[in-house]
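What follows is a short report on a single structure.
The values are calculated or read from the model by the stated rules, or taken from the named source; none is laboratory data. Worth saying up front: this structure is predicted, and the values here are computed from it rather than measured. When we count neighbours, we look across all protein chains shown, and the Cβ atoms used for this are built from the backbone with ideal geometry, even at glycine. Areas reflect the complete protein model, heavy atoms only, side chains present, ligands, DNA and RNA absent. Shrake-Rupley method; radii C 1.70, N 1.55, O 1.52, S 1.80 Å.
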Amino acid sequence: MDFKGQVIQSLQQVLPVEMAPEKLNSLLEIPKSGKLGDLAFPTFILAKEMHQSPVEIAADLAKKIDAAAFEKVQAVGPYLNFFLDEQKFSQQILETILTQQAKFGEQDLGQGGNVPIDMSSPNIAKPMSMGHLRSTVIGNSLAKLLEKVNYQPIKINHLGDWGTQFGKLITAYKLWGSEEEVKKDPINKLLEYYVHFHQVDVKHPELDDQAREWFRKLEDGDPEAMELWKWFRKISLQTFMKVYDRLGVEFDSYNGEAFYNDKMAEIVEILADKGLLHESRGAQIVDLSKYHLNPALIKKTDGATLYITRDLAAAVYRKRTYHFVQSLYVVGSEQTNHFKQLKAVLHEMGADWSDQIHHIPFGLITSGGHKLSTRAGRVILLEKVLDDAVALAQKQIEQKNPGLKHKAEVAKAVGVGAVVFHDLKNNRMDNFDFNLEEVVRFEGETGPYVQYTHARAESILRKSGKNLGELPDQLRISSQINLEAWGIVKKLADFPTMIERAVTEYEPSVIAKYALHLAKAFNQYYAHNRVLNDDAGLNGRLALVEAVAIVLKEALRLLGVKAPDEM
RNA sequence: GCGCUUGUAGCUCAGCAGGAUAGAGCGACCGCCUCCUAAGCGGUAGGUCAUCGGUUCGAUUCCGAUCAAGCGCACCA
């Protein structure tokens, strides 16, 4: 039985009133300070019934309770504090971790169910920005977390590869572009044309007509338009792949908006058949007033489909193809209403799976307090940020550890790790104003801090010259456990719970914060205790170090961050 | 105007279904490398937890109102 169960059982034997185990379970809490114990029972609720002060009740219970199963049980003020048997508990948790290695923390919440994740989704012919980074790294981390608890994630890069902007792009390219220029620097050149278009069309609205015409041609399958579109898509994707490669992110599908071009008619038909489609101001809509939502625009006045039409087709396609148990969309919080509408329309269509759709929103990244805008040319280029971060990491290595092997590789892991970790450290919903120095910081609560801690642990293990994984009998914690080591052990034991929380809240930051806390605990231990002393406690300390290395590495992996053995 | 999100230290943020003196990091100041990587560790300074009410034995946490900020509010995605 687990510790909490033992506490509940012992409490039930001495409580003067009947209390269900579930009730007790919810009442028990973890004391703020480890010095106060490992679990506490507050006695306030008993005060009224027993006509006694909570302090007296706690003292009374402490006298009566059978403390055999615990290190000790102590009344402090109105609390009854329980202390774990540190020896036994430490040995048990360390053994578990060293045996399971990277599998530690795995659980079966998903029973293998498919979970498509709509993520990253950059627009063709536009550079990836920090906003895409958020969607990419949150989606990637959620995929790894879901896999860890036995779901089957399917990472879908829903590319923005269709829409009227291609009419504009083709127009701009025909007017000002050249093949050689684009080949040299694809995305930046295409972006340049696009931005230029928006600067010029303010004074020359006739350009918009040209753009509309080119998009119409594209939809009609005009060879020249199609050729250009395919080319733009191909070279854009090639550029994106370089970024994904650096981030270590892979996708299971690149089916973007264009993929659903031939799948929307069916949706419109279904909506019409069910009598859900109405005309309003010349457009075809689905009324959602009973959901307190704006109507969903299925078709524009000119008959063209819209964003939601495409997403409806995508949702239905994904259900049919993957038979998902959940379908996630890692998309900015500004689109919250869109996804409410999406779910509502699906519900109206009779899709009983509409509540399996979950929008995973995240906060906005601004620059100098302003919203980013590709049109206005106000972007934070992701590639540039990664370049800067890696260059800075390189510099740092030259300074701190010039003799290091595989410098370039480590610099990449640390630089990219800093950027990714920074994005995952805080609650998804937090907005933040972009600040390069903040993002590529290597000290304090950062990815490199966790990586460094892991590298320190690995370094000790290397120097010990032992292979602990093969020596389970010697994991005995023979020396007395000090407060620092005990703090680590308790954190290690929390890992599975943290994973569960991260998954149920769709919140990678739970893992990032956990990794920081564990790293902090280990660094405190490291600063005050020498591991490689040849005494009776050596094996126990090494077991602790290895367990920390395993869990830190695994936590970083779940965030999509590499953990070099040296740095 | 309506809806969603958010208001905790100078800055960036933690505070798991309310509970014991509100915690980190950065920045500031002061310490610690004859010892396993100082990308580290320790200390000092810094808070009416936006405001006002309500529920409760107890509220930073739950509810309501107010104020402030961000985002969204049909033919972009």
**Q.** Filter result for the condition that a residue is within 20 Å of A:G560 (Cβ to Cβ) and either surrounded by 16 or more Cβ atoms within 10 Å (Cβ to Cβ) or free of Cβ contacts under 8 Å to residues at least 60 places away in the same chain (or both), over A:K412, A:K407, A:K395
**A.** A:K412
Q) With (1) farther than 30 Å from A:Q335 by Cβ; (2) within 9 Å of RNA strand B (Cβ to nearest atom); (3) open to solvent by 40 Å² or more (accessible area, probe 1.4 Å); (4) not hydrophobic (A, V, I, L, M, F, W, C) as the list, and A:N426 as the residue in question, which single condition is left unmet? A) (1)
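Going by the conditions given, is A:V414 assigned to a helix (DSSP H, G or I), of a type in the set (V, I, T), modelled with pLDDT of 90 or more and out of contact with any Lys or Arg (no Cβ under 9 Å at 6 or more places or on another chain)? Steps first, answer last, please.
Values: assigned to a helix (DSSP H, G or I): yes; of a type in the set (V, I, T): yes; modelled with pLDDT of 90 or more: yes; out of contact with any Lys or Arg (no Cβ under 9 Å at 6 or more places or on another chain): no.
No: the conditions fail for A:V414.
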Q: Return the residue satisfying two criteria in turn: it lies in the stretch A:331-360 and is touching a Ser or Thr at 6+ places or on another chain (Cβ under 7 Å) and either in a helix (DSSP H, G or I) or open to solvent by less than 20 Å² (accessible area, probe 1.4 Å) (or both), and of such residues it is nearest to A:V268 (Cα to Cα).
A: A:L346
**Q.** the stretch A:35-66, residues that are open to solvent by less than 40 Å² (accessible area, probe 1.4 Å) and touching a residue at least 40 places away in the same chain (Cβ under 8 Å)
**A.** A:G37, A:D38, A:L39, A:A40, A:F41, A:L61, A:I65
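If we scan the stretch A:285-294, do we find a residue that is of a type in the set (D, E) and exposed (fewer than 12 other Cβ atoms within 10 Å of the Cβ)?
As a first pass, look at the stretch A:285-294 and keep what is of a type in the set (D, E): A:287.
From the residues that got through so far, the ones that are exposed (fewer than 12 other Cβ atoms within 10 Å of the Cβ) too are none.
So far as the stretch A:285-294 goes, no, none of its residues is of a type in the set (D, E) and exposed (fewer than 12 other Cβ atoms within 10 Å of the Cβ).
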(Q) Conditions first: (1) closer than 28 Å to A:V489 by Cα; (2) within 9 Å of RNA strand B (Cβ to nearest atom). A:F44 passes all but one, so which condition is the exception? (A) (1)
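Right, A:K274: closer than 30 Å to A:V385 by Cα and loosely packed, with under 13 Cβ neighbours inside 10 Å or not?
Numbers: closer than 30 Å to A:V385 by Cα: no; loosely packed, with under 13 Cβ neighbours inside 10 Å: yes.
Judged against the criteria, A:K274 is not a match.
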Q) Exactly one of (1) closer than 16 Å to A:R134 by Cβ; (2) outside any helix (DSSP H, G or I); (3) among the aliphatic types (A, V, I, L, M) is unmet by A:V325. Its number? A) (1)
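Just to verify a result, which residue in the stretch A:105-134, among those that are under 30 Å from A:F432 (Cα atoms) and assigned to a strand (DSSP E or B), is most open to solvent (accessible area, probe 1.4 Å)?
Filtering the stretch A:105-134 down to residues under 30 Å from A:F432 (Cα atoms) leaves A:115-134.
This time we only want the ones that are assigned to a strand (DSSP E or B), so: A:115-119, A:123, A:129.
Values: A:V115: 0, A:P116: 1, A:I117: 0, A:D118: 9, A:M119: 0, A:N123: 51, A:S129: 18 Å².
Result: A:N123.
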Q) Among the residues of the stretch A:76-104 satisfying the criterion of being within 16 Å of RNA strand B (Cβ to nearest atom) and either at pLDDT 95 or above or open to solvent by 50 Å² or more (accessible area, probe 1.4 Å) (or both), which is nearest to A:Y244 (Cα to Cα)? A) A:Y79
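Looking for whichever is surrounded by fewer than 16 Cβ atoms within 10 Å (Cβ to Cβ), free of Cβ contacts under 8 Å to residues at least 24 places away in the same chain, among the basic types (K, R) and within 30 Å of A:L191 (Cβ to Cβ) here; the options are A:R320, A:R378. Which one fits?
Values: A:R320 fails: within 30 Å of A:L191 (Cβ to Cβ).
Going through A:R320, A:R378 in turn, just one is surrounded by fewer than 16 Cβ atoms within 10 Å (Cβ to Cβ), free of Cβ contacts under 8 Å to residues at least 24 places away in the same chain, among the basic types (K, R) and within 30 Å of A:L191 (Cβ to Cβ): A:R378.
Report, by residue number, each residue of the stretch A:436-451 that is open to solvent by 40 Å² or more (accessible area, probe 1.4 Å), more than 6 Å from RNA strand B (Cβ to nearest atom) and outside any loop (DSSP other than H, G, I, E, B).
Quick first cut of the stretch A:436-451, residues open to solvent by 40 Å² or more (accessible area, probe 1.4 Å) only: A:436-438, A:441, A:443-445, A:449.
Now drop any that are not more than 6 Å from RNA strand B (Cβ to nearest atom), which leaves A:436-438, A:441.
A:L436, A:E437, A:E438, listed by residue number.
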Q: Identify all residues within the stretch A:156-165 that are at pLDDT 90 or above and not acidic (D, E); write none if there are none.
A: A:I156, A:N157, A:H158, A:L159, A:G160, A:W162
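I want to confirm something. Restricting to the stretch A:490-529 and keeping residues that are among the aliphatic types (A, V, I, L, M) and open to solvent by 30 Å² or more (accessible area, probe 1.4 Å), which single residue is nearest to the chain's Cα centre (by Cα)?
Of all residues in the stretch A:490-529, those among the aliphatic types (A, V, I, L, M) come to A:492-493, A:498-499, A:502-503, A:510-512, A:515-516, A:518-519, A:521, A:527.
From what's left, open to solvent by 30 Å² or more (accessible area, probe 1.4 Å): A:498, A:527.
Values: A:M498: 13, A:A527: 31 Å.
Out of the qualifying residues, it is A:M498.
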Q. If you check every pair at least six apart or on different chains, which have Cβ atoms under 8 Å apart with a residue in the stretch A:17-31 that is over 17 Å from A:K48 (Cα atoms) first and a residue that is in a loop (DSSP other than H, G, I, E, B) and near RNA strand B (Cβ under 9 Å from one of its atoms) second?
A. A:P31/A:G37
Q. Just for the stretch A:176-202: of the residues that are modelled with pLDDT of 85 or more, part of a loop (DSSP other than H, G, I, E, B) and more than 16 Å from A:Q165 (Cβ to Cβ), which one is most open to solvent (accessible area, probe 1.4 Å)?
A. A:D185
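Any idea which residue in the stretch A:251-297 is farthest from RNA strand B (Cβ to nearest atom), counting only those that are at positive phi and over 36 Å from the mean Cα position of the chain (by Cα)? Talk me through it step by step, then tell me what you get.
Quick first cut of the stretch A:251-297, residues at positive phi only: A:275, A:281-282, A:292.
Within this subset, residues satisfying the condition of being over 36 Å from the mean Cα position of the chain (by Cα) are A:275, A:281-282.
On the way: A:G275: 17, A:R281: 3, A:G282: 5 Å.
Top of the filtered list is A:G275.
In the list A:A485, A:A457, which residue meets the criterion of being surrounded by 21 or more Cβ atoms within 10 Å (Cβ to Cβ), modelled with pLDDT of 95 or more and not basic (K, R)?
Numbers: A:A485 fails: modelled with pLDDT of 95 or more.
Exactly one residue qualifies, and that residue is A:A457.
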Q | Sole exception among (1) open to solvent by 20 Å² or more (accessible area, probe 1.4 Å); (2) touching a residue at least 60 places away in the same chain (Cβ under 8 Å); (3) within 13 Å of RNA strand B (Cβ to nearest atom) for A:K300, by number | A | (2)
Q | Test for A:D388: is it touching a residue at least 24 places away in the same chain (Cβ under 8 Å), part of a helix (DSSP H, G or I) and in contact with a Lys or Arg (Cβ under 7 Å, 6 or more places away or on another chain) | A | no
